[in-house]
Amino acid sequence: MKEWRFWLAEQRGTLMAVAIFVVMFAVYVLNHPAIQSNGFSVTALSNISQTAANKGVLLAFVAMAQTLVVLTAGIDLSVGMTFTLTNCLASWIVVGDPLQTALGVVGVLGVGLLCGAINGAIVIFGRLQPIVTTIATGAIYFGVALLLRPFPGGSVNNDLADLLTGKVFDLFPASLIVLAVVVLLVWVPFSRSVSGRAAYAVGSSEIAAYMSGVPVRRAKFLAYTLSGLLASIGGLFLTFFTYTGEAALASGNTYTLFSIAAVVLGGVSLFGGRGSAIGAIFGAFAFRTIGDLLFVFNLDPLWQPLFQGVVLMIAVSLGAFGLFRVRNRLEWFG
Amino acid sequence: MTETAHQDSDGGGGRLPPFLKRLDPAVLTAFACIVLLLLVGSLYSRNFLSVEYLLQQLKVASFLGVIATGMMLVVLIGQIDLSVPWVVTTGAMMASFASSFGPAGIVLGIPFGIFCGVLLGLLNGFGVAYLRIPSMIITLATNAVAQGLMVVYSGGFSPKDTASAPMRYLATGFLVPGLPNAVIMWIVIGVLAVFLLTRTTFGRAVYGIGNRERAAYLSGINTRRIVMTTFAISGALAATGGILLAGYASKAAQSMGDAYLLPSIAAVVLGGTSILGGRGTYLGTVAGVILITLLQSILSVMQMPEAGRQIIYGLVIVGMMLLYGRERLVR
Amino acid sequence: MDEAAPLFRMAGVSKRYGGVRALDAANLTITAGRIHAILGENGAGKSTLIKVMAGVVKPDGGRMELEGREVSFASPAAANQAGIVCIFQELSLVPELSVADNIVISDPPTRFGMIDRRKQQAIALDALKRAGAEDIHPKALVKDLPLSRRQMVEIAKALARKPRILILDEATSALTAADVTRVFQVLKRLRAEGLALLYISHRMHEIAELADECTVFRNGKNVATYKAGTKSDNEVVELMIGREYSHVFPPKLATVGEGKAPVLEVRHLSWTDRLNDISLKVRPGEVVGLGGLDGQGQRELLLALFGVLRGCSGELRIDDKPVSVSSPSVAKSPQIGMALIPEDRKTEGLMLPMTVRDNLSFASLDRISRRTIIDTAEETRLIDEMIKLLAIRTAGTAIPVGALSGGNQQKVVIAKWLMNKPRIILLNDPTRGIDVGTKQEIYQLLRKLADAGAAIIFYSTDYDELIGCCDRVIVLYDGAVRRELVGAEITERALIASALNIQSGEAGRVLVGGP
């Protein structure tokens, strides 16, 4: 009987994030004007979910990307810029007939992998701190994005875009299906692989990992590279939603900072070694739902940023309640 | 944050004169790069090395310099302050707002703006010191709250965002003929910072906490109070930077602080301060600030498009950090 | 020596760290089916020796042979593959992972590229059983386990890698007596199975029980190799320190602190389940020792007195006035005047990258400053005084304290506190990992401080120290005062008996395998 208790302790952060999101989304749905006026129906729920999913999925991908790096006790301040860069690139090459489009998608994902790999290489072989590295590479990636799209423009294969942002069986948001597929194809294999386990070990205690013969370098490199890949999927989806590419500095920075918030809300420890990308996804969705709640309760949009900020502040302070149980003050310090 | 073996590099001080040997090699490299940049700049424009132009550069650098001073203190205790963008804006907006209330307002406007910065800094400090929340996330949250407050303020009430006369004087006036006031502000703040760090118990405690907070606590230092104070100072300095910026532009604008977050971190790090805390000198931060300002100036003199500027900016940071910011291998 | 072919040989291996020669053309021969003990002071090269063997550190020169073939290890993983496994003193466990994850971490069982959790659980259970640690659940997170359990996991992890040479570096330091007995049984069984074991320890009685042959290291060199039991303890210590070994402890005063009012009094101190209704008094001039097995609350008691623990019930009186110590900064204030020499000097006592000077003055910043501005002249005066008083060997005050030897680092920690002129000095196992010479200096210093009127509480895991230094010893068991031994009552037998919570007569029959 103790087995599930251990599993519970390990997954606590993720489960909290799921719970928070479920509660928030339920409140949102129940108070949504469509439900309020027409009553509850599967169609209405499906429509609401699609809109919410489409808005949240972008942050979810970027949050997943951030999770991989944070697990190794690093931080990626360039993840929003990779997102922007791949968006701009996609608006150029994800066009034309199916073959060209497919190649375009591969190209975009490849660039994402490359961005992540560059970050990883500098951190591992250059032995620079991740925060400094990614500030610099973020600027570089943004510069390249600007080269690609000095002004917003471009286009994307409309059929593919509509397919992936629409509904499947007229019920499920396609974007969520894609998200689930990505989780199954990227996160699950990684987290259960030797390299994934190594990434957790490195984040928890790099010295212990090294002394135990864990492949430290491979784990970090894979984490950073896959992070780039995930960010590029996000960029691709942005192109599917907006049909354009735009090198917007503010937007890129916002996604980076919001991804950190989503990751923390999702129960991933910024110190490394603990948490799951699934938690981060729910953290991202929860974060996005905050704005929706405002809309639903008819609050002046003027108050949205403040509300979002206060909710974030409360959410991150919740962890402090654990402090009451601390009896030995030395536990405050790592 | 990662804690790979963190030791000072040996430095190449073999053949340097004694006083230079005691300087951090990072600081030396930074100043060498400044000289290099000046030379490159002079190739593009003969005015580049003129006194007026250099003083103009110093003036622009002062804004970043004031903000980077606060960031340096926070980095020294092993933390980070991501609330800079909106604390800067809050300081500017609140100072302008308060200044609009008649003669008393003009006098109290600037202190009020700084006071708002202190409050936001205390919020950060409380979260980090007493609630043990990682600084990266609590300062992000404070940033969001500050943004929220300013959005409400500027959307709801008719915002009074014109900079007051004292603000403009501080940023653009000339108390000493030839020397811009903003530079004097930076010098004063810098001298105070150096004094604080090198000659007071507070400064010792800051380095101690950045090195090993556990040991500092067990040595009887009131670590929580020091951490809170440090964040409060950072908030005050960020707000001061905002006030200067508003004085320079004659008004406070919504995104005025965004462009100062990453450069302030970069300036601190390029100046040899370790991002993990416990190590760094103010001279290095000065060098880092000037370096970044000069780089941005040269790129604009070269009429480099924004894309190229960003790329070069990023490459320079990586390049310089690879020179002297690397961690030692643990073998 | 037997004619058995050596399994592993090290010849002429050297390693420098900056200006310090950690290993100086060191030699070592290890044979299968034997337990080989390595002795030596700290800084003699034992740690470096093991790190070279285990692939953690690359030697500058020399040659290593495994079964006659030359080998060199680029990383711990490489050494593991060659069959050399090391159980380090600083544990190599990853805190956020489970026990099972940690046990198989170097080579997890996989299926289709992903980790096979069921097989991993089986391997872990088997390893824990072989290590005699069946009470540990494989799914528990390492960070939730106490230190002694973690060390058992460390041992299980080493065994799971099927080593041919097993190295134990002070591996029993954190274990309870029962654990030590079990581990010794495991080690003896491994020896019988043909493993070669390398055992590093400071504890002579452990070596006497386990070792087949011994090697003494001094200054990075192998100075003697001999069959176990052929040298007396004194001879061995002389080999370790390279000079004649005289009586270690300074003489105690016959009557200590009598008639004087206690400066520190504790009444009914309790804290969670680790401290149970402790009451004690310390008078000025007394050195009071804390005895008992590891982990019975001694460290917690010191932390509680110093204000680090929250939620303590009971009363603390200084100079017969009730006080509340809520933090170390309150504890060190002139009204209370406490000092704590902490358990781990590297992470709790010093800031290693900072200078000797900065570290020395760190606890007395208020004394050397006026309104927070530091008076450097006064600082220098006090620092020089301390360096002289404790005979700290350092190449100047501006070098990082991390460059000093372990013994000198500990002296810096002590000096740091003495600069604040404390009346009550708490010491948490201060001589752990310190060379014999410095230990003696510390003993002399403690006696001197006590004679000058300080009240000293001294926790040590070394019986000899408790017997030699203390006027009284309070033995703790399960967080409560089991017994108080005064003066001549302090004997090894009495200490063991009260530590194990049994009557004195039975003590003689107990295996002398405890700390």
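Within the range C:161-180, the residues that satisfy the criterion of being under 24 Å from C:Q120 (Cα atoms) and surrounded by fewer than 23 Cβ atoms within 10 Å (Cβ to Cβ) are C:R161, C:K162, C:P163, C:R164, C:I165.
Residues that are in contact (Cβ under 8 Å) with a residue 60 or more places away in the chain, surrounded by fewer than 18 Cβ atoms within 10 Å (Cβ to Cβ), basic (K, R) and within 12 Å of another protein chain (Cβ to nearest Cβ) do not occur anywhere in the range B:267-285. With respect to (1) within 11 Å of another protein chain (Cβ to nearest Cβ); (2) out of contact with any Leu (no Cβ under 6 Å at 6 or more places or on another chain); (3) surrounded by 24 or more Cβ atoms within 10 Å (Cβ to Cβ); (4) assigned to a helix (DSSP H, G or I), the lone exception for A:L77 is condition (4). Applying the criterion of being under 30 Å from the mean Cα position of the chain (by Cα) and farther than 16 Å from A:I207 by Cα to the residues of the range C:54-73, the residue that is nearest to the other protein chains (Cβ to nearest Cβ) is C:K58. For the range B:72-106, residues that are in contact (Cβ under 8 Å) with a residue 12 or more places away in the chain, farther than 28 Å from B:L283 by Cα and of a type in the set (A, V, I, L, M, F, W, C) total 6. Inspection of the range A:169-177 identifies no residue that is within 11 Å of chain C (Cβ to nearest Cβ), in contact (Cβ under 8 Å) with a residue 60 or more places away in the chain and of a type outside the set (S, T, N, Q).
Check A:A223, A:A231 and return the single one that is touching a residue at least 12 places away in the same chain (Cβ under 8 Å), under 12 Å from the mean Cα position of the chain (by Cα) and more than 8 Å from every other protein chain (Cβ to nearest Cβ). Even if it seems obvious, please write down each step before you answer.
Values: A:A223 fails: under 12 Å from the mean Cα position of the chain (by Cα).
Result of the check over A:A223, A:A231: A:A231.
Here is the figure for the range B:131-150: residues that are more than 7 Å from chain A (Cβ to nearest Cβ) and free of Cβ contacts under 8 Å to residues at least 12 places away in the same chain total 0.
Inclusion of A:V188 among residues that are more than 11 Å from chain B (Cβ to nearest Cβ) and in contact with a helix residue (DSSP H, G or I) (Cβ under 6 Å, 6 or more places away or on another chain) is not warranted. In the set C:I136, C:I87, only one residue is over 24 Å from A:W4 (Cα atoms) and more than 9 Å from chain A (Cβ to nearest Cβ); that residue is C:I87.
Among the residues of the range B:157-168, is any within 14 Å of chain C (Cβ to nearest Cβ) and more than 22 Å from the chain's Cα centre (by Cα)?
First pass over the range B:157-168, keeping only residues within 14 Å of chain C (Cβ to nearest Cβ): none.
The answer is no; no qualifying residue exists.
Considering only residues in the range A:191-220 that are more than 10 Å from chain C (Cβ to nearest Cβ) and touching a Gly at 6+ places or on another chain (Cβ under 8 Å), the one that is surrounded by the most Cβ atoms within 10 Å (Cβ to Cβ) turns out to be A:K220. One residue stands out among those in the range C:269-294 that are surrounded by fewer than 22 Cβ atoms within 10 Å (Cβ to Cβ) and within 14 Å of another protein chain (Cβ to nearest Cβ): the one that is nearest to C:L476 (Cα to Cα), which is C:R274.
Considering only residues that are in a helix (DSSP H, G or I) and under 18 Å from the mean Cα position of the chain (by Cα), look in the range C:23-50 and name the one that is modelled with the lowest pLDDT. Lay out the reasoning, then the answer.
First, pick out the residues of the range C:23-50 that are in a helix (DSSP H, G or I): C:46-50.
Pick out the ones that are also under 18 Å from the mean Cα position of the chain (by Cα) and you get C:46-48, C:50.
Working: C:K46: 84, C:S47: 81, C:T48: 86, C:I50: 87.
This residue is C:S47.
Taking the residues in the range C:324-359 that are within 24 Å of the chain's Cα centre (by Cα) and of a type in the set (V, I, T) as candidates, determine which candidate is farthest from the other protein chains (Cβ to nearest Cβ).
Looking at residues that are within 24 Å of the chain's Cα centre (by Cα) and of a type in the set (V, I, T), I get C:V356.
If you check A:V181 against the conditions, is it β-branched (V, I, T), part of a helix (DSSP H, G or I) and more than 23 Å from A:Q100 (Cβ to Cβ)? So A:V181 does not fit the description; no. Among the conditions (1) touching a Cys at 6+ places or on another chain (Cβ under 7 Å); (2) at positive phi, C:K421 misses just one, which is (1).
Could you check, for the range C:66-86, whether at least one of its residues is at positive phi, in a loop (DSSP other than H, G, I, E, B) and buried (at least 19 other Cβ atoms within 10 Å of the Cβ)? Can you show your working first?
Applying the first criterion (at positive phi) to the range C:66-86 yields C:67-68, C:83.
From what's left, in a loop (DSSP other than H, G, I, E, B): C:67-68, C:83.
Cutting the leftovers down to buried (at least 19 other Cβ atoms within 10 Å of the Cβ) gives us none.
There is no residue in the range C:66-86 that is at positive phi, in a loop (DSSP other than H, G, I, E, B) and buried (at least 19 other Cβ atoms within 10 Å of the Cβ).
Here B:G247 clears all of (1) crowded, with 24+ Cβ neighbours inside 10 Å; (2) under 25 Å from B:I209 (Cβ atoms) except the condition numbered (2).
For every residue, the table says whether it meets (1) at the interface with chain A (Cβ under 8 Å from one of its Cβ atoms); (2) part of a loop (DSSP other than H, G, I, E, B); (3) within 26 Å of the chain's Cα centre (by Cα); (4) without any contact (Cβ under 8 Å) to a residue 40 or more places away in the chain.
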site	(1), (2), (3), (4)
C:L93	yes, yes, yes, no
C:D101	yes, no, no, yes
C:R118	no, no, no, yes
C:A122	no, no, no, yes
C:G132	no, yes, yes, no
C:E154	no, no, yes, no
C:A158	no, no, yes, no
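Of all strands (runs of 3 or more DSSP E) completely enclosed by the range C:177-271, which ones contain at least 1 residues that are at pLDDT 85 or above and not assigned by TED's automatic domain parsing to the domain that holds C:L305? Break it down stepwise before answering.
Working: elements: C:196-200, C:213-218, C:221-227, C:264-271.
Here the list reads C:196-200, C:213-218, C:221-227.
Let's see how each residue does on (1) under 18 Å from B:T223 (Cβ atoms); (2) assigned by TED's automatic domain parsing to the domain that holds C:E286:
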residue: C:S329; (1), (2): yes, yes
residue: C:I373; (1), (2): no, no
residue: C:I383; (1), (2): no, no
residue: C:I387; (1), (2): no, no
residue: C:I392; (1), (2): no, no
residue: C:A395; (1), (2): no, no
residue: C:G437; (1), (2): no, yes
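Residue-wise test of (1) surrounded by fewer than 23 Cβ atoms within 10 Å (Cβ to Cβ); (2) farther than 26 Å from A:S205 by Cα.
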site	(1), (2)
A:A250	yes, yes
A:L270	yes, no
A:G273	no, no
A:A284	no, yes
A:L302	yes, yes
A:F321	yes, no
A:R327	yes, no
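Residue check: is B:F101 more than 14 Å from every other protein chain (Cβ to nearest Cβ), buried (at least 22 other Cβ atoms within 10 Å of the Cβ), of a type in the set (F, W, Y) and over 30 Å from B:G210 (Cα atoms)? The answer is no for B:F101.
Please determine whether any residue of the range C:367-375 is part of a helix (DSSP H, G or I) and either at pLDDT 90 or above or not aromatic (F, W, Y) (or both). No, the conditions are met nowhere in the range C:367-375.
The values are calculated or read from the model by the stated rules, or taken from the named source; none is laboratory data. In this text, all values refer to a predicted model and were calculated from it rather than measured experimentally. Please note: Cβ atoms are built from the backbone with ideal geometry, for glycine as well, and neighbour counts cover all protein chains shown.
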